[in-house]
Each structure stands twice: as structure tokens, then as C-alpha cells.
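Participant: Here it is, the structure in full.
Please treat every number below as a calculation from the coordinates, not as lab data. Since the model is a prediction, treat every value here as computed from it, not as a measurement. Because the Cβ atoms are built from the backbone with ideal geometry, glycine has one as well, and the counts that use them run over all protein chains shown.
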Amino acid sequence: GFKTCVFTNNWVDDSAGRLFTATLMNLLRRHFDLVIESCRLGARKPDPEIYAYALDALRAKPQEV
């Protein structure tokens, strides 16, 4: 089968709307094998580090994705 991943360029949301953001992230986690949030990783797209992290986490090679 296929593994799926979502990359987000996001930030820690401490606004009044943070419940919406948290709910959305929880919904995403249910539907994807991996959800990578830039604010938690400390890297964001297009930084190669975020892609290297995803490949390692998914145990995939670049030519496989």
C-alpha cells in the first residue's frame, strides 16, 4: 500500500481560534500516516530538512515518493 503524509508550514496557535486549529490537526492525523508540523519540527518548506525528516519517518527513498 501507500503511505500518506501532510506537511504544514504552521505556527503554535495561541489565538482565540486555536481550538479550530487543534481540531483540524486531529482530523488530519486520523486520515494520514504522518502529519509534520513545521512549528514542532523547527523546519519548514522548502528547507530540505523537513523532506529528509519525512523520508526517514516514512522509511522511504526519494525515488519512491
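Participant: Mind checking the angle between helix 18-31 and the chain's longest principal axis? C-alpha axes, 0 to 90 degrees, to the nearest 10.
Facilitator: Orientation of helix 18-31: about 30 degrees from the principal axis.
Participant: Rounded to the nearest 20 Debye, what is the dipole magnitude of the chain about its Cα centre when Lys and Arg each give +1 and Asp and Glu each give -1 at the C-beta? It would help to have the intermediate numbers written out before the result.
Facilitator: Values: 9 positive and 8 negative charges, 38 e Å.
Charge dipole, the chain, about its Cα centre: 180 debye, nearest 20.
Participant: To continue, here is another question. In region 14-55, if the dipole is taken from +1 on Lys/Arg beta carbons and -1 on Asp/Glu beta carbons about the Cα centre, which of Cys39, Ala16, Leu55 is farthest to the positive end?
Facilitator: Ala16
Participant: Compute the helix-to-body angle for 48-58: its Cα long axis versus the longest principal axis of the chain, expressed 0 to 90° and rounded to tens.
Facilitator: The helix 48-58 is inclined about 80 degrees to the chain.
Participant: So how much slack lies between Asn9 and Val65, counting 0.36 nm per residue of separation and subtracting their Cα-Cα distance, in nm? Kindly include the intermediate steps, with their values, before the conclusion.
Facilitator: Values: separation 56, 0.36 × 56 = 20.16 nm, distance 1.96 nm.
Gain in length upon complete extension: 18.2 nm.
Participant: Okay, moving on. So if I restrict to the alpha-carbon atoms in the chain, what is the Rg, and what is Dmax, the biggest pairwise distance, in Å?
Facilitator: Considering the chain through its Cα atoms, Rg and Dmax are 12.8, 42 Å.
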